[in-house]
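> Here it is: the structure, laid out below.
The values are calculated or read from the model by the stated rules, or taken from the named source; none is laboratory data. Computed from a prediction, not measured in an experiment: that's the story for all the values here. Here the Cβ is made from the backbone with ideal geometry for all residues, glycine too, and neighbour counts use every protein chain on show.
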Amino acid sequence: MELVFGSTNPGKVGVMKRSLEGLPFSLIGLTEAFEKRGIPLPAPVEDGRTPEENAEKKARFYYGYLQGPVFSCDSGLYLWRQDTGEKLPEQFQPGIHVREREGRRMTDEEMLDYYIGLVKKFGPLIARYQNAICLVEDGMHIDKSMDESLWGQSFLLTDVPHERKVPGFPLDGISLDITTGKYFYDMPDHERDALASNAGIRQFFTKYLEKKNLRDD
């Protein structure tokens with residue numbers, strides 16, 4: 001079945017394709033999906049209070065245009081000081097506003113500068129993404145989850161950026177594996193995918209297929 005991933009980021013679409021490899025889906029991103037239908041790509045309002053609320057808002061929004069299976073993901077980023085283990089004060093917690101600062105969406109460069117500034121202020125930071133997903137199959141069948149199996153593994157943020165830059169993934173340039181100290185950019189794709197919870201994504205869709213097969217039978 002054709003399955004639309006509610007993202008225009010080609011890097012994220014690539015990660016998702018690897019996560020779902022071997023499952024009976026033909027995965028495409030939003031840009032391709034809307035181009036195929038010859039309609040302009042709209043922008044949803046992401047005003048949910050949690051990653052799960054935002055994931056559902058986006059999935060329902062895109063389904064309204066595409067009228068076919070579509071899923072969206074959303075994340076909240078949370079930070080702790082590495083030296084003391086204390087959580088950063090609330091005003092410095094990105095939460096669901098990873099790319100926002102003072103009510104404005106940051107560019108890749110602005111985002112990198114901002115988080116480097118946090119590391120300079122508090123020292124190396126332990127970071128973790130809390131992820132959510134919502135799949136709208138049709139008007140009657142919606143699956144969603146914010147189970148911890150979907151969350152990413154903890155990693156470190158440093159104030160020394162990697163020389164490589166990948167559009168759409170600015171934080172990967174200052175992200176280190178917490179065990180090896182390797183930059184994300186120096187890790188093979190499969191190792192980096194594992195840090196982003198591809199196993200939890202695969203588990204979500206495996207359970208979805210099981211439920212769908214029972215319905216279809």
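> Residues that are over 23 Å from D172 (Cβ atoms), modelled with pLDDT of 90 or more and basic (K, R): does the range 2-24 have at least one? Give the steps one after another, and end with the answer.
The first filter runs over the range 2-24 and keeps only residues over 23 Å from D172 (Cβ atoms), leaving 2-4, 22-24.
Okay, now just the ones that are also modelled with pLDDT of 90 or more, so 2-4, 22-24.
Checking which are basic (K, R) leaves us with none.
Within the range 2-24, not a single residue is over 23 Å from D172 (Cβ atoms), modelled with pLDDT of 90 or more and basic (K, R).
> Return only the number of the condition from (1) small (G, A, S); (2) surrounded by 13 or more Cβ atoms within 10 Å (Cβ to Cβ); (3) under 24 Å from F184 (Cβ atoms) that G85 does not satisfy.
The number of the failed condition is (2).
> Quick check on my filter: what residues within the range 84-102 are within 18 Å of L156 (Cα to Cα) and in a helix (DSSP H, G or I)?
Within the range 84-102, F92 is the sole residue that qualifies.
> Follow-up. Within the range 146-177, how many residues turn out to be over 15 Å from D108 (Cβ atoms), surrounded by fewer than 16 Cβ atoms within 10 Å (Cβ to Cβ) and not acidic (D, E)?
Summing the residues that are over 15 Å from D108 (Cβ atoms), surrounded by fewer than 16 Cβ atoms within 10 Å (Cβ to Cβ) and not acidic (D, E) in the range 146-177 gives 4.
> Can I ask one more? Within the range 90-111, work out how many residues are closer than 18 Å to G76 by Cβ and in contact with a strand residue (DSSP E or B) (Cβ under 9 Å, 6 or more places away or on another chain). Don't jump to the end; show me each part of the working.
Initially, the range 90-111 is screened for residues closer than 18 Å to G76 by Cβ, giving 90-101, 103, 105-106, 111.
Narrowing the set further to residues that are in contact with a strand residue (DSSP E or B) (Cβ under 9 Å, 6 or more places away or on another chain) leaves 92-99, 106, 111.
Residues that pass the stated criteria total 10.
One line per residue, one yes/no per condition, for (1) within 17 Å of the chain's Cα centre (by Cα); (2) at pLDDT 95 or above; (3) hydroxyl-bearing (S, T, Y); (4) under 30 Å from N213 (Cβ atoms):
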position	(1), (2), (3), (4)
Y115	no, yes, yes, no
L118	no, yes, no, no
F122	no, yes, no, no
L135	yes, yes, no, yes
H141	no, no, no, yes
Q153	yes, no, no, no
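> Let me ask something else about it. Can you run down the residue pairs with Cβ atoms below 7 Å, 6 or more apart or on separate chains, where the first is in the range 1-24 and within 22 Å of R37 (Cα to Cα) and the partner is surrounded by 13 or more Cβ atoms within 10 Å (Cβ to Cβ) and among the charged types (D, E, K, R)?
Correct list of pairs: G6/K58.
> While we're here: Restricting the search to the range 23-50, which residues are surrounded by 12 or more Cβ atoms within 10 Å (Cβ to Cβ), touching a helix residue (DSSP H, G or I) at 6+ places or on another chain (Cβ under 9 Å) and under 28 Å from G103 (Cβ atoms)?
Of everything in the range 23-50, those that are surrounded by 12 or more Cβ atoms within 10 Å (Cβ to Cβ), touching a helix residue (DSSP H, G or I) at 6+ places or on another chain (Cβ under 9 Å) and under 28 Å from G103 (Cβ atoms) turn out to be G29, L30, T31, F34, L41, P44, E46, G48.
> Residue by residue through the range 89-124, note down the ones that are of a type in the set (F, W, Y) and either surrounded by 16 or more Cβ atoms within 10 Å (Cβ to Cβ) or without any contact (Cβ under 8 Å) to a residue 24 or more places away in the chain (or both).
We begin by selecting, within the range 89-124, every residue of a type in the set (F, W, Y); these are 92, 114-115, 122.
Across the range 89-124, the qualifying residues are Y114, Y115, F122.
> Okay, next question. Pairs needed: first member in the range 126-139, within 20 Å of D193 (Cβ to Cβ) and in contact (Cβ under 8 Å) with a residue 40 or more places away in the chain; second member anywhere, surrounded by fewer than 20 Cβ atoms within 10 Å (Cβ to Cβ) and among the acidic types (D, E); C-beta distance under 6 Å; at least 6 residues apart or different chains.
What qualifies is L135/D143.
> Could you say whether any residue in the range 160-175 is of a type in the set (V, I, T) and closer than 20 Å to V15 by Cβ? Talk me through it step by step, then tell me what you get.
Going through the range 160-175, the residues of a type in the set (V, I, T) turn out to be 160, 166, 174.
Next, from what is left, pick out any that are closer than 20 Å to V15 by Cβ: 166, 174.
Within the range 160-175, one or more residues are of a type in the set (V, I, T) and closer than 20 Å to V15 by Cβ.
> Restricting the search to the range 136-183, which residues are among the aliphatic types (A, V, I, L, M), in contact with a strand residue (DSSP E or B) (Cβ under 8 Å, 6 or more places away or on another chain) and over 18 Å from G6 (Cα atoms)? It would help to see each step written out before you state the result.
Let us first name the residues in the range 136-183 that are among the aliphatic types (A, V, I, L, M), namely 136, 140, 142, 146, 150, 156-157, 160, 166, 171, 174, 176, 178.
After this cut, where a residue has to be in contact with a strand residue (DSSP E or B) (Cβ under 8 Å, 6 or more places away or on another chain) as well, the list is 136, 142, 146, 150, 156-157, 171, 174, 176, 178.
Listed by number, the residues that qualify are L156, L157, L171, I174, L176, I178.
> Which one of these does D189 not meet: (1) under 14 Å from S154 (Cα atoms); (2) modelled with pLDDT under 80?
Of the numbered conditions (1) under 14 Å from S154 (Cα atoms); (2) modelled with pLDDT under 80, the odd one out for D189 is (1).
> Going by what's in this entry, would A127 be described as crowded, with 19+ Cβ neighbours inside 10 Å and modelled with pLDDT of 95 or more? Break it down stepwise before answering.
Details: crowded, with 19+ Cβ neighbours inside 10 Å: yes; modelled with pLDDT of 95 or more: yes.
Yes, satisfied.
> For the range 178-212, give me each residue that is surrounded by 15 or more Cβ atoms within 10 Å (Cβ to Cβ), among the aliphatic types (A, V, I, L, M) and in contact (Cβ under 8 Å) with a residue 60 or more places away in the chain.
Residues satisfying the conditions are A196, I201.
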